[in-house]
1. Among the residues of the range 475-494, which ones are out of contact with any strand residue (DSSP E or B) (no Cβ under 8 Å at 6 or more places or on another chain) and part of a loop (DSSP other than H, G, I, E, B)?
2. Within the range 282-298, identify whether any single residue is in contact (Cβ under 8 Å) with a residue 40 or more places away in the chain, under 25 Å from the mean Cα position of the chain (by Cα), in the same structural domain as Thr91 (by TED's automatic domain parsing) and more than 16 Å from Leu100 (Cβ to Cβ), and answer yes or no.
3. Quick one: would you say Thr466 is β-branched (Val, Ile, Thr), farther than 20 Å from Ile399 by Cβ and either touching a strand residue (DSSP E or B) at 6+ places or on another chain (Cβ under 7 Å) or modelled with pLDDT under 90 (or both)?
4. From the list Glu455, Glu449, Glu465, Glu405, exactly one residue is over 28 Å from Glu517 (Cα atoms), touching a helix residue (DSSP H, G or I) at 6+ places or on another chain (Cβ under 8 Å) and of a type in the set (Asp, Glu). Which is it?
5. Scanning for something farther than 13 Å from Thr659 by Cβ and either in the same structural domain as Arg653 (by TED's automatic domain parsing) or charged (D, E, K, R) (or both), does the range 593-602 turn up at least one residue?
6. Just need a number here: residues in the range 455-474 that are of a type in the set (Asp, Glu) and assigned to a loop (DSSP other than H, G, I, E, B).
7. Would you mind listing the helices (runs of 4 or more DSSP H) fully within the range 333-446 where at least 2 residues are not assigned by TED's automatic domain parsing to the domain that holds Lys477?
8. Between residues in the range 533-545 that are touching a residue at least 12 places away in the same chain (Cβ under 8 Å) and residues that are hydroxyl-bearing (Ser, Thr, Tyr), which pairs lie under 9 Å by C-beta distance while being six or more apart or on different chains?
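The values are calculated or read from the model by the stated rules, or taken from the named source; none is laboratory data. Everything numeric here is computed off the predicted structure, so don't read it as measured data. We place every Cβ from the backbone using ideal geometry, glycine too, and count neighbours over all the protein chains shown.
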Amino acid sequence: MNEHLLIHIVLLLAIAVAIVALSRRLHFPPVLGYIVVGIIVGPNGFGWIDKEENIELLAEFGIVFLLFAIGLEFSLAQMMSMRRQVFGLGTVQVVMTAVLVYAVGDLVGLDTNTNIVVASAFALSSTAIVIKQLTEQSEIHSRHGRSALGVLIFQDIVAIPLLILIPTLAITNASDNVLGLALGIAFLKGILVVIIMHLIGKYLLRPLFHEVASAKSQELFTLTVLTVALGAAAFTEQMGLSMTLGAFLAGMMLSETEYRHQIESDIRPFQDILLGLFFVTVGMLISLEVLQQHFLLIIGITIGIVVLKGIVLYVVARLFKKEGGVALRIALSLSQVGEFGLVLMTLAFTYNLLPLEVGNILLTSAVLSMSIAPFLVKFNGRIAKYWHKETYASSHSEIESNISESNEHLNQHVILCGFGRVGQTVSRFLTKSNKPFIALDMDIKRVREAHDAGESVYYGDAAKETILRAAFLNKAKIVIVTFSDFHASIKILKNIRHINKYIPILVRTPDDAHVNELIEAGANEVIPDTFEASIMLASHLMLMIGEPPRKVLREIRGIRKNRYHLLENFYPGEDDNPMEEHQVMKGIFHTVILSEDTFASGKMLGSLELERFDIQVEAIKRGSIRGNHPADETRLRIEDHLVLSGAPENMERVELYLTTGKI
């Protein structure tokens with residue numbers, strides 16, 4: 001590779017772009033696209049990256065950033081709020097799966113080290129695929145979605161000792177006495193590392209990031225994040241532990257700071273590229289020759305993984321008193337091997353804990369289980385309905401009858417889809433105005449608390465037609481969707497419009513990125529949080545400086561009536577991303593200063609016909625005087641400041657025309 005390094009990198013990137021774009025079109029997870037790229041460029045494909053040390057180096061950096069990204073998304077508060085699913089359901093699932101896989105491995109003659117690695121890897125599921133797919137299907141807050149999330153959180157926790165286990169196995173060679181002693185020392189080291197890094201995170205990182213943030217330099221902030229992540233990885237490696245453990249702990253430390261969201265935003269490009277790089281290296285380890293030679297065995301192992309994990313998950317969920325349909329949906333969602341499993345197997349290759357051929361067979365089977373995971377998650381509802389027709393139907397009919405029987409007298413009511421903070425705020429205004437409403441929410445704890453308090457709140461998925469009919473959609477006056485989830489809102493809109501084409505629908509959205517899609521799906525009004533916050537801030541300001549309340553109210557009504565037209569242009573700054581999609585605030589303001597040599601100087605404003613460029617003249621600043629919306633008869637002078645508004649791509653053309661006269 002060293003002879004034509006740049007050419008090979010360009011080829012790698014070009015193939016990655018093509019394959020990942022194709023996987024997006026086919027609605028496959030990008031993970032599988034990257035794995036295919038690795039198969040193509042690796043030693044078993046065209047051999048562009050054929051040296052073992054190059055593969056190991058790339059894999060190590062990929063794994064480090066994978067674990068850092070997962071640690072960054074890890075939330076202790078979320079873990080504690082779901083402790084029954086995390087420490088109950090999650091613990092039993094991981095232990096039972098690992099024990100059964102170990103027993104199967106022992107029967108087929110795998111040695112102890114290999115068996116421990118395989119049992120640990122196969123007990124874990126794919127956080128990236130499952131959460132992404134459930135979120136897109138608006139199922140992340142459903143009963144099976146919450147349970148699946150709880151299990152995944154526990155698997156992320158249990159990965160910490162597993163990351164310590166792999167290098168320890170490598171130096172002990174599975175001798176019982178030595179292994180026990182080495183594991184004890186390794187876990188003591190692990191506890192020491194966690195304590196040290198917790199103290200560093202608590203007492204050093206906050207002041208450090210406060211100083212870095214005050215410098216207002218994105219490069220410095222990003223560089224600091226990378227330094228912390230790689231520094232933590234280097235520290236744990238020097239302690240004789242896995243450097244991926246350090247990266248995971250670094251992510252956890254940073255997730256607890258107030259800069260978490262900025263870190264996520266800044267690290268996203270590195271995270272996505274390096275996660276892709278890790279999966280490319282996984283693909284490089286897969287041998288097409290091994291796949292061809294052991295095709296039936298690999299398919300059998302893949303099916304065995306899915307069936308075994310599925311049965312364990314189903315049984316465990318039923319033990320925790322989950323309904324049959326819910327238990328089956330949890331099992332289908334989590335029956336694959338995950339990223340952590342691939343990490344453990346890749347580390348095992350590095351430490352020579354997996355025989356090459358056996359490891360390749362198992363790794364290929366693990367990847368294949370991941371490849372079918374999106375489809376199992378996507379169709380988990382249909383499969384559950386087929387296998388649990390009676391219980392599934394009775395459960396849903398019970399929910400529907402509970403809603404309809406409690407509200408059969410209602411007419412001209414409001415249907416609230418979502419009862420989070422926004423939904424609860426809206427409900428208080430409705431209650432104060434004596435307006436009847438029904439609220440639908442998928443958080444069982446929230447619903448129970450609110451219902452016990454006498455609120456008209458019911459458990460039900462507002463994206464299902466049967467639930468909407470039970471809430472008497474055809475008798476309702478208006479529907480308001482308070483979710484911030486775009487996919488959930490679209491699903492709800494389509495089902496409402498299928499039942500009732502004319503009922504008014506009000507939709508909340510965090511920003512203006514999807515306004516057009518929501519309106520096309522049937523929303524009458526779309527309210528972006530960012531705009532409403534700025535409008536309310538401005539209205540409070542105007543009242544505090546003495547403006548008459550009636551005038552302020554009239555201004556606010558005018559802005560809303562014109563669909564935020566007043567706010568559609570803004571002055572871009574250095575930190576504004578020109579590639580960011582806006583569907584309301586899509587134009588910019590730009591000022592052109594006229595000089596003696598400028599083509600437009602001395603000409604009538606109307607004669608320039610700037611409307612050809614789809615540009616508006618907002619104002620002319622002459623000296624210290626600013627005149628808004630100048631007339632076409634205005635003659636432009638030297639030193640005039642011409643304030644323009646319009647799309648960024650049109651602004652360069654009009655400035656060239658004003659300066660040189662060239663179109």
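1. Asp485
2. First, pick out the residues of the range 282-298 that are in contact (Cβ under 8 Å) with a residue 40 or more places away in the chain: 282-291, 294, 297-298.
Remaining after also requiring under 25 Å from the mean Cα position of the chain (by Cα): 282-283.
With in the same structural domain as Thr91 (by TED's automatic domain parsing) added as a condition, the list becomes 282-283.
Still in the list and also more than 16 Å from Leu100 (Cβ to Cβ): 282-283.
There is at least one residue in the range 282-298 that is in contact (Cβ under 8 Å) with a residue 40 or more places away in the chain, under 25 Å from the mean Cα position of the chain (by Cα), in the same structural domain as Thr91 (by TED's automatic domain parsing) and more than 16 Å from Leu100 (Cβ to Cβ).
3. Working: β-branched (Val, Ile, Thr): yes; farther than 20 Å from Ile399 by Cβ: no; either touching a strand residue (DSSP E or B) at 6+ places or on another chain (Cβ under 7 Å) or modelled with pLDDT under 90 (or both): yes.
When the stated conditions are applied, Thr466 does not pass them.
4. Numbers: Glu449 fails: touching a helix residue (DSSP H, G or I) at 6+ places or on another chain (Cβ under 8 Å); Glu465 fails: over 28 Å from Glu517 (Cα atoms); Glu405 fails: touching a helix residue (DSSP H, G or I) at 6+ places or on another chain (Cβ under 8 Å).
Answer to the selection: Glu455.
5. Applying the first criterion (farther than 13 Å from Thr659 by Cβ) to the range 593-602 yields 602.
Now narrow it down to the ones that are either in the same structural domain as Arg653 (by TED's automatic domain parsing) or charged (D, E, K, R) (or both): 602.
Yes, the range 593-602 contains a residue that is farther than 13 Å from Thr659 by Cβ and either in the same structural domain as Arg653 (by TED's automatic domain parsing) or charged (D, E, K, R) (or both).
6. Of the residues in the range 455-474, the ones of a type in the set (Asp, Glu) are 455, 461, 465.
Right, trim to assigned to a loop (DSSP other than H, G, I, E, B) and you get 455, 461.
The qualifying residues number 2.
7. Answer list for the range 333-446: 339-350, 356-378, 380-387, 389-406.
8. From residues that are touching a residue at least 12 places away in the same chain (Cβ under 8 Å), the pairs are Ile535/Tyr564.
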